[in-house]
Structures are given as C-alpha cells and as structure tokens.
Amino acid sequence: MAEAASEQSAQRPLPPGLDLLWGRRERGKRGPRPGLSADAIVEAAVRVADAEGLEAISMARVAAELGFTTMSLYRYVASKDELLQLMFNASALGAESLVLEGDDWRSRLRSWAVIQRDMLDIHPWITQMPMPAPPLAPNSLHFVERALKALDGTGLADSEKLRAIGLISSYTLSEARFANDAARAAAGAAKAAGESGQAPAPPLTYEQLLRELVDEQTFPHLYRIAWSASPTDPLTEREEFLAGVDLILDGVQALIDRAG
C-alpha cells in the first residue's frame, strides 16, 4: 500500500493525449483563441466523423468545420493521434453517471453490452479506430468500472471479471464493425448503381454465398448449414448480436459456478 501511494504521489509522465485527458497538461497553453478550445475541437471532430467517417478526420478538415486555420488547432491539440484519443473519450461522455438496468449480474452486464453497442452504432467511426492497447481515457475507465461493479458478489476474481468484460467488449466491437462495414459496402454499391442508372442488386446472404462455394465432400458441415431449411423469420442483426452476448454470459455463469 505504501509503495502504491508513493507511485501515485510521483505521478509519472503520461503519453501525449492521456496527459491532456487526465489534467496533467494545460489546455491551450500556447495562446488561447476566442471561440476555440480543446472541447470545441473535439465536438467538431465528432460531428465530422459521425457524418463522413473516420477517414474524413484531419486537422485541416476540423479547422475548416470550426472556421479557424489549421495551425490554430495545434495550440490546443498536439496531433491527429491525440485528437482521436480525445474523440474516443468524448464518445463515452456520461459514463461516470451510468446506471445499469437489471436485478442481477447477468441482466446488468447484458445491459452494459447493449449500451456499448448502441454507442458504437451512434458513432460507427469508432470501429475504424486503431486500438493498440486497452482504452485508458477517463470515460472509458468509468465504463469499465460499471461493468466490474455489475459482477460484485459473483465470487469471481478481479482478473476473471476483467477477462469476462474484455471478451464482451471485444465481441461487441467486432459485431459493430461487421455491421458498419456492411452498411458502408451497401452504400457504396447503391451509389455506384445510381451513377450507372441501374438498380442495385440485393446482397447475397452468407448461406447463399456458401451454396456457391462449398461442396458436400470437402466441407460437409458448412454444406449442411448452407442447404438446411432457412427459418421462416430469420434473426435480425440485432437479435444475432444479443444471442452472441447471451452465449458469452452463459460462459461467465459457468465460471461463476466453478468459483462458487
């Protein structure tokens, strides 16, 4: 405990971006401009990314959105990489006051996954962001803290709790990325069809593509899936996502049972 307190008092230097988010670096230190701030820059960047995707984000594009010169932005945000960190933190605004619905750990953790997926659907550009390490921004850690609290009383070790919510988070991000990529591809196909004057062809389902590609001898299991009778009411993308969440939660329950 004494060693931990000593490390906290020393306050080791944080990487660029995190130092700004955690108040270890002054904002606008090199000369403030009226109407311009780090928060205003981040809000403008999020607006651009929501409308045009992450590929549209550059210091010049955000400066144009705000009506300032590009160099003006560098007084508040050191680089595009730093801006991306600030944007990611802003996407989880309000996490510190988040209340998870549910009467038990499972329903609360399911609610946590749904909230994360909703956030990714509102800001699909997050699925395009490079993530070399787990997020350490304040709002991200507040969000993780809520999930850890949901697992109170389960008997799981803290490392097991982190592993469980990390798995849910990775799955949620992956499914949101698939949905976002599919939407972007469909929009591109519709645009190309519109330019050619032809109606866009409906996209083939996974099963339809399998029927074109697999044979029974080489891929017997995939062949059976491809040619099995389709359900009358196939699951929506959202229902498929929730089915996957429930499957992961079944695994968490099994881990709790072993710990109990």
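Just a few scattered comments:
- Applying 1/(1 + (r/R0)^6) with R0 = 41 Å to the Cβ-Cβ distance of ASP118 and GLU195 gives a FRET efficiency near 0.80.
- Distance between the 7 Å Cα→Cβ label points at HIS142 and ALA64: 3.3 nm.
- Rounded, prolate or oblate (a/c below 1.5 giving rounded, otherwise prolate when a/b exceeds b/c) for region 95-260 by Cα gyration tensor: oblate
- About the Cα centre, charge dipole magnitude for the chain (Lys/Arg +1, Asp/Glu -1 at Cβ), debye: 1080
- For the chain, the relative contact order works out to 16 percent when only alpha carbon pairs closer than 8 Å and six or more residues apart are counted.
- Rounded, prolate or oblate (a/c below 1.5 giving rounded, otherwise prolate when a/b exceeds b/c) for region 86-162 by Cα gyration tensor: prolate
- Label-to-label distance for ASP39 and ASP158 is 3.2 nm, based on points extended 7 Å past Cα in the beta-carbon direction.
- Net charge of neighbours whose Cβ lies under 12 Å from the Cβ of SER107, counting Lys and Arg as +1 and Asp and Glu as -1: -1
- Fewest-first ranking of SER91, SER111, using other Cβ atoms within 10 Å as the exposure measure: SER111, SER91
The numbers here are math on the coordinates, done by the rules we state, and not lab data. Since this is a predicted model, take the numbers as computed values, not measurements. In this analysis, Cβ positions are derived from the backbone assuming ideal geometry, glycine residues included, and neighbour counts consider all displayed protein chains.
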